Every structure is written in C-alpha cells, then in structure tokens.
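Structure first, commentary second.
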Amino acid sequence: MNDRDPSDPFHHDREVSLEAEIALLRRSLDEAVRRVAEGSPAVAIEHEREIAKGRAALALADTRAAELERTIAHLTARLAALGHSEARYRLAVESARDYAIFTLDLSGRITGWNTGAENLLGWDEAEALGRAVNVIFTPEDNDEAIAEEEMRLAVTDGRADDNRWHLRKDGGRFWANGLMMPMRDDAGGLTGFLKILRDLTEAQLASQHQQTLIHELNHRVKNTLATVQAFTNQSLRTATSMQEAREAITARLIALSRAHDVLTVEKWDGADLGRLVKDALSLHNTLAQRCVWEGDPVRLVPRAALALSMMVHELATNATKYGALSNEAGTVMVSWAAVDVDEAASPEAARRLRLRWQEGGGPPVLPPTRRGFGSRMIERGLANELGGKVRIRYEPAGVVCTLDIPLEQA
C-alpha cells in the first residue's frame, strides 16, 4: 500500500462520492416504501425486493465508508510517525558535530550536508550541495578513482570502510576514518549513499611519530652496539692488562651513558653542546680552574651529540694520562662557534660548527709513535660520522684538536 496524505483530493472525492451514493439509496428506499403503501400486493412484493436490495447496498456503502475512515486514520498516524522519525533523525545527524555526515546521489554528488561536515570540511551546506564527492579526496586518490570504488563496494558488500587522507576547503589535509553505505527505498531500490567521516589526524600523526621514534631507536641501538663493540675490541687489543682494559671499557661506557642521559632528558630531540662538554670533563674529576669551556649556544642532533661526547672523553682521557691534566699545572681550553660560511646555501649547508680543544702547561709533547684507538676514532670515525674534518696536532706546548662539521638543525 502506498502511503498518501489524507488531504489528497483523491481521498476527498472518494468520500464525497460515497456520501452521495448513500443519500441516493436512502431516497430510493423512502420512495419504495411510499409506493408500497399506495400500490397492489404484486407491486408491494417487487418494492420489498427493491427495499432489501437497497438496504444491502446501504450496508455495503456504510462498510466501505468505515474502511475508508480507518484507512485515512492509519495513513494520518503513519505520516505523523514519519514526521517524528524524520525530526529525530535530523536532530541526531545535526547533533553529531564531531562527525561529517552527508548523502550522495547515484552519480556521487552531494545531496545532504550536516553541521559536522561544515566544521570538519569547511564548506557550508549551500556550497556543498551539488558538488561531486571527489572534492574531498586527494588528487592521488582521485587518480585511482577511490570515491567510485567506495560506492561500488558499498553496493556489492553493503559498506565500504577506509582510513585515508582527505582535503578541506582550504586545501589542508586531515586523516579520517570513513564509512560509506548504500541508501535504499522501501522496495529495495538503490537511491544514493551515506558517507560518515571522523577526524583522526592527531592519532595518525602520533602513530607516525611513534613509528619514526621506533626506527630511530633501532638505528641508535645498532650504532651504540657497534661503538661499544669497537672500543671494547680495541681496548682488549691494546691494553697491557685485563685491569687496564676493564678500566678503559668502563670509562667509555660511562661516557656514552652520560651522553645518553642528556639526550633522554631532552627526549632525544637534541642536546646542548656546553652541557655535553661539561659532563664529559667532569668524569675525569678535573678542577674548574684547569678546564675552561665557552662558545655560542649550540644544540646538536643526537648523532652529533653522541659523537662529540665520545671525542671529548677520549681527549680528556689522553690529557689525564699523558697531557695537560697529568700534572698539577696544565690546563685545557675548549671553545666553539657556529659560523655562517655560505649565505647562498641552505641553512643546513651554510652553518658549520668549529670547535677547538687546546692543552697547555703540561709535560712536553712528542708525536706518538703509533695511533691509539682514541686518535683513530676522532680523526677517522668522527669525520666520517659527521661529514666534516677533524685534526689532532701534537704541538710542543700541548695537544690541539680542531673540528669543522656541518651544523644540522636540532
């Protein structure tokens, strides 16, 4: 049964026709009764038959009228229920301000647009209606006809779920969890699609950041293990006793650990060079008046921070054993500067860190007959790791180490 408005002219004309038919039957009945009273027995019998037929017809008309009244009452109730249902649906849709909810016709053009869609996507309802849904998909997804594929899946599978980047009116991108479902009429015919989007950009960015941190952590762990393996093997190979090897390995592990502590406090975003130099020198119980450090405020990326911490540790270890810190009068001066060397280049290529380690007042210095692990690590490993130049000079007045590396933004 097709639901129609009771005020439809069809229903009104039908009711008027029934009432006219009933009135005609009543008049016919009255006329038959009068004629019976005036006529012969045969005529009376005929008129009684007509009266019986009229009464039957009248009863049928009354029944049809009652059925029509019941139908009208049923339709009125259904229309009222539909009105309430539509109002509740609209209220629910408009209240979902954190969700973009909109409808599409069979060609993929927008036919409905809630407040949440305005908030999330930027177009108001008047701007959105009639637009192709492709406007919210990225160019790369439109190249692959993702919107059309979602409509196809909605029809064949009953729904199409997705998690992908979408576009706002201003061109900005946001990550959303989406659901597309088919809309059908009472007969089951496809009339369009319903699309729901929920903004999950913050969660997606946090997930990507977490994955980046995991990859960085894996890389750092591998590098750290390689460093530990290298100085352990070297310490065992060059030490004159197990006690000396144990002390060298322990000192290097502590220096590496101290640098890790600084980076951990900074959430591995970078580290202050002055803090790293201070911590590396403090491991050797040096007096403040014998070790001085100064320079521009410089933050180092984690890779450079670890490498420079180990460099300062190795230089301080050598100074404590053989150089300026091996007597009571020697001094160490550590200075650095961030220098702009090429204004035309990018900021990463233009800025460089130049650091100088200079000893004085220690025993006379003679060039070593062989390069130890510390010297090789500084001159070769550090230069390769940081893409710069490192040089150690054994001048008579004291060891001088100079470093020139690109200064990456931390």
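The values are calculated or read from the model by the stated rules, or taken from the named source; none is laboratory data. Owing to the predicted nature of the structure, the values given are computational and were not obtained by experimental measurement. Reconstructed Cβ throughout: ideal geometry from the backbone, glycine too, with neighbour counts over all protein chains shown.
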*Qualifying residue in the range 272-287 (condition: in contact (Cβ under 8 Å) with a residue 40 or more places away in the chain, polar (S, T, N, Q) and touching a strand residue (DSSP E or B) at 6+ places or on another chain (Cβ under 6 Å))*: no
_Given the condition of a type in the set (Asp, Glu), assigned by TED's automatic domain parsing to the domain that holds residue 182 and over 23 Å from the mean Cα position of the chain (by Cα), answer yes or no: does some residue in the range 111-121 qualify?_
no
*Out of all the residues in the range 355-366, is one or more touching a strand residue (DSSP E or B) at 6+ places or on another chain (Cβ under 6 Å), within 24 Å of residue 269 (Cα to Cα), modelled with pLDDT of 85 or more and assigned to a strand (DSSP E or B)?*
yes
*When the residues of the range 316-330 are filtered to those that are surrounded by fewer than 24 Cβ atoms within 10 Å (Cβ to Cβ) and closer than 30 Å to residue 408 by Cβ, which remaining residue is nearest to the chain's Cα centre (by Cα)?*
317
*Can you tell me which of 258, 198, 220 is charged (D, E, K, R) and either at pLDDT 85 or above or assigned to a loop (DSSP other than H, G, I, E, B) (or both)?*
198
*Within the range 155-184, count every residue that is touching a residue at least 12 places away in the same chain (Cβ under 8 Å) and part of a helix (DSSP H, G or I).*
1
